[in-house]
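Taking it in order: structure first as structure tokens, then the write-up.
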Amino acid sequence: MPISVGQSIAIIAVTALCTVLLRALPFLVFGGKKEVPAVVSDLGILLPSSIMAVLVVYCLRNVDFAAAGHFLPELLSCLAVVGLHVWKKNILLSIGLGTVCYMVLVQAVFV
Amino acid sequence: MGTTQKRRDYMGFAFRQSVPVMLGYIFLGIAFGLLLQNAGYNFIWAFFASLIIYAGSMEFVLVNLLATGAGLLYTALMTFFINGRHIFYGLSFVEKYKKMGRAYPYMVFSLTDETYSVLCGTKVPEGMDENKVFFWISLLDQSYWVFGSVLGALAGSYIPFDSTGIDFSMTALFVVIAVEQWQESKSHFPALLGAVCGVLWLLFLGPDEFLLPTLCTCVIILILARGRLLPNAEKERG
């Protein structure tokens, strides 16, 4: 431990506090009112689809199209997940096989 | 049906919904616990850090902050920067969570990327209270993360197989939920908007800074377009 216990606790506490604050912000701003503004309830319907697409992009943000080993495992595994899910509609199967596919590709194929 | 039986039903259903997160959280948790252990913090630290912070990617950064003895202002800024996206999750659950009674504070606290995604994809069966299901899923998710962190700090270096790439399970989770949302929604505009904005901002700003501008752009455009999108969206909800 390079720093004191007190300093460590302070860093963890500040991180925790800021994280909670961010998560609570929309609730603090809009949650107290009896009627949630129409804009917010509309976003509640529309935003999840956008966010999920953004999260997929976020997970793939470090792929590098210059080298096959740095984008093919991601691309092939994502296609496998999409294909499996459209075909079987089983969340566990899609995620499980997709992950195994990715692990095999990064550990054994594109090393 | 007795209360115990009912509770078991809820936990069973919530458990099945949370299994995709379990895999990823336990292994990512192990990786975090191991890193923390290597930085000189034992499993007790891992337990409390994961209990009160509970934000995967931020906790990996935390290890660096601790190792370098970062200042508190810098710590706060890093947290706001990395976890800023969480504001947008709450935005889509305000109406629902505020009716959740005693569980409300915990639901807000535990709204991680993965929990958000699972909740977005959960269809609660007839006769089950959606609030209870959501609560159990959130609680289970965090227990996986805390369990993984402690395990990693205690025994992370003894994992008997190469787990490289297991973090792809989180990517796969987001892809699966995105596919389900795509199939269920009549308007594909929100999903396409997210993908296009994400890629454009990524190309423009690079992998470290594109996320917040992307989410802001999506919110602004959705607000502007909601008048046209809403008739479709209303039907989907009803």
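The values are calculated or read from the model by the stated rules, or taken from the named source; none is laboratory data. Quick caveat, the model's predicted, so the values are computed rather than measured. Glycine gets a Cβ as well: all are built from the backbone with ideal geometry, and neighbour counts include every protein chain shown. These area figures cover heavy atoms from the full protein model, side chains too; ligands, DNA and RNA do not enter into them. Shrake-Rupley method; radii C 1.70, N 1.55, O 1.52, S 1.80 Å.
Rounding to the nearest 10 and keeping the result within 0 to 90°, find how far the Cα-based axis of helix A:5-30 lies from the longest principal axis of chain A.
The angle comes out near 80 degrees.
Quick one: net charge around A:N62, please, counting Lys, Arg +1 and Asp, Glu -1 for every other residue with C-beta under 14 Å from its C-beta.
Details: positive: A:R61; negative: A:D64, A:E74, B:D167, B:D208, B:E209.
Computed value for this residue: -4.
Give the angle, between 0 and 90 degrees and rounded to the nearest 10, that separates the Cα long axis of helix A:91-104 from the longest principal axis of the Cα atoms of chain A.
The angle comes out near 60 degrees.
Can you give the average number of partner chain beta-carbon atoms within 10 Å of each beta-carbon in peptide B:124-136, as a whole number?
Working: counts 0, 0, 0, 0, 0, 0, 0, 0, 0, 0, 0, 0, 0.
Averaged over the peptide's residues, the number is 0.
Give the Kirkwood hydrodynamic radius (Å, one decimal) of region A:56-111, defined as one over the mean of 1/r across all pairs of different Cα atoms. Mind showing how you got there, number by number?
On the way: mean 1/r = 0.0864 Å⁻¹.
Evaluated on region A:56-111, it is 11.6 Å.
Hey, any idea what % of region B:3-184's accessible area is carbon plus sulfur with a 1.4 Å probe?
Details: 4990 of 7660 Å².
Solvent-exposed carbon and sulfur of region B:3-184 make up 65 percent of the total.
First check a/c for the protein assembly as shown, with a ≥ b ≥ c the square roots of the eigenvalues of its C-alpha gyration tensor; if it is under 1.5, answer rounded, and if not, answer prolate when a/b is larger than b/c or oblate otherwise. Please report the intermediate quantities before stating the final value.
Values: a/c = 1.30, a/b = 1.17, b/c = 1.11.
Rounded, since a/c falls under 1.5.
Enter the mean projected area of the convex hull around the alpha-carbon atoms of chain A, in nm², rounded to one decimal. Intermediate values should be presented prior to the final figure.
Values: hull surface 49.7 nm².
Across all orientations, chain A yields a mean hull projection of 12.4 nm².
Taking every residue in B:177-190, how many Cβ atoms of other protein chains lie within 10 Å of its Cβ, on average? If you can, show how the numbers build up before the last one.
Numbers: counts 8, 11, 11, 6, 6, 5, 3, 1, 4, 0, 2, 2, 3, 10.
The per-residue average across the peptide is 5.
B:E95 to B:I220: extension gain in nm, 0.36 nm per residue of separation minus the Cα-Cα distance? Before the final figure, lay out each step's value.
Numbers: separation 125, 0.36 × 125 = 45.00 nm, distance 1.95 nm.
43.0 nm is the gain from fully extending B:E95 to B:I220.
Let's see if you can work this out: charge +1 on each Lys and Arg Cβ, -1 on each Asp and Glu Cβ, no other charges. What is the dipole magnitude of chain A about its Cα centre, in debye to the nearest 20? Present the calculation step by step, with values, prior to reporting the outcome.
Details: 6 positive and 4 negative charges, 55 e Å.
About 260 debye.
Which of the peptides B:41-53, B:137-149, B:97-109, B:168-180 is most tightly packed, and how do the rest follow, going by the mean number of other Cβ atoms within 10 Å of each residue? List each step's numbers first, then the result.
Working: B:41-53: 19.7, B:137-149: 22.6, B:97-109: 16.0, B:168-180: 25.8.
With the highest mean Cβ count within 10 Å placed first, the list reads B:168-180, B:137-149, B:41-53, B:97-109.
Give me, ordered by chain and number, the residues 5 or more places off B:R85 or on other chains with an amide H under 5 Å from its own placed amide H.
The list, which skips near neighbours in sequence, is empty: none.
Along its principal axes, what span do the Cα atoms of chain B show, with the longest given first and each in whole Å?
Answer, in whole Å and largest first: 57, 56, 35 Å.
How about region B:162-176: which of its residues lose at least 50 Å² of accessible area in the presence of all protein chains relative to their chain isolated, using a 1.4 Å probe?
Buried by the other chains: B:F168, B:T171, B:F174, B:V175, B:V176.
Would you list the membrane-span-like helices of chain B, meaning whole DSSP H runs whose alpha-carbon atoms span at least 18 Å along their axis and whose mean Kyte-Doolittle value is at least -0.5?
Numbers: long enough: B:3-38 (45 Å, 0.34); B:130-155 (37 Å, 0.77); B:168-184 (24 Å, 0.92); B:189-205 (23 Å, 2.33); B:211-237 (30 Å, 0.74).
Length and hydropathy pass: B:3-38, B:130-155, B:168-184, B:189-205, B:211-237.
Normalising by the residue count of region B:3-184, find the relative contact order in percent from Cα pairs under 8 Å and 6+ residues apart. Each step should come with its number before you reach the end.
Working: 186 pairs, mean separation 87.1, N = 182.
In percent, rounded to a whole number, it is 48.
With each label point set 7 Å from Cα along the Cα-Cβ vector, what nm distance links B:S157 and A:I9?
2.8
Calculate what fraction, in whole %, of the accessible area of chain A sits on carbon and sulfur atoms when a 1.4 Å probe is rolled over the protein chains. Provide the component values of the computation, followed by the final result.
Details: 3820 of 5330 Å².
The computed percentage sits at 72.
Per-residue ellipticity at 222 nm for chain B, helices alone: DSSP H runs ≥ 4 residues times -39500 (n - 2.57), over residue total, nearest 500 deg cm²/dmol? It would help to have the intermediate numbers written out before the result.
On the way: 12 runs with 182 residues, N = 238.
Calculated mean residue ellipticity at 222 nm is -25000 deg cm²/dmol.
Which whole-number percent of Cα pairs in region B:1-136 have a distance greater than 25 Å? All intermediate terms of the calculation are to be shown ahead of the outcome.
Numbers: 3398 of 9180 pairs.
Cα-Cα pairs of region B:1-136 separated by over 25 Å account for 37 percent.
Ignore the peptide's own chain and count Cβ atoms of other chains within 10 Å of each Cβ in A:23-36; give me the average, rounded. Before the final figure, lay out each step's value.
Details: counts 13, 7, 6, 12, 11, 3, 4, 5, 9, 1, 2, 1, 1, 4.
Mean number of neighbouring Cβ atoms from other chains: 6.
Using the heavy atoms of the protein chains and a 1.4 angstrom probe, tell me the accessible area per residue for region B:185-238 in square angstrom. Show your work: numbers first, answer last.
Working: 3170 Å² over 54 residues.
Per-residue accessible area for region B:185-238 comes out at 59 Å².
Put A:R61, B:R228 in order of accessible area, largest first, 1.4 Å probe: what do you get? List each step's numbers first, then the result.
Numbers: A:R61 65, B:R228 210 Å².
Ranked list, largest accessible area first: B:R228, A:R61.
Straight-line reach only, C-alpha to C-alpha below 25 angstrom: list the lysines that B:K99 could link to, leaving out same-chain residues fewer than 8 apart.
Within the straight-line cut-off, B:K99 pairs with A:K33, A:K34, B:K6, B:K123, B:K132, B:K235.
In 10 Å bins starting at 0, how do the alpha-carbon pair distances of region B:185-238 split up by percent?
25, 45, 23, 8
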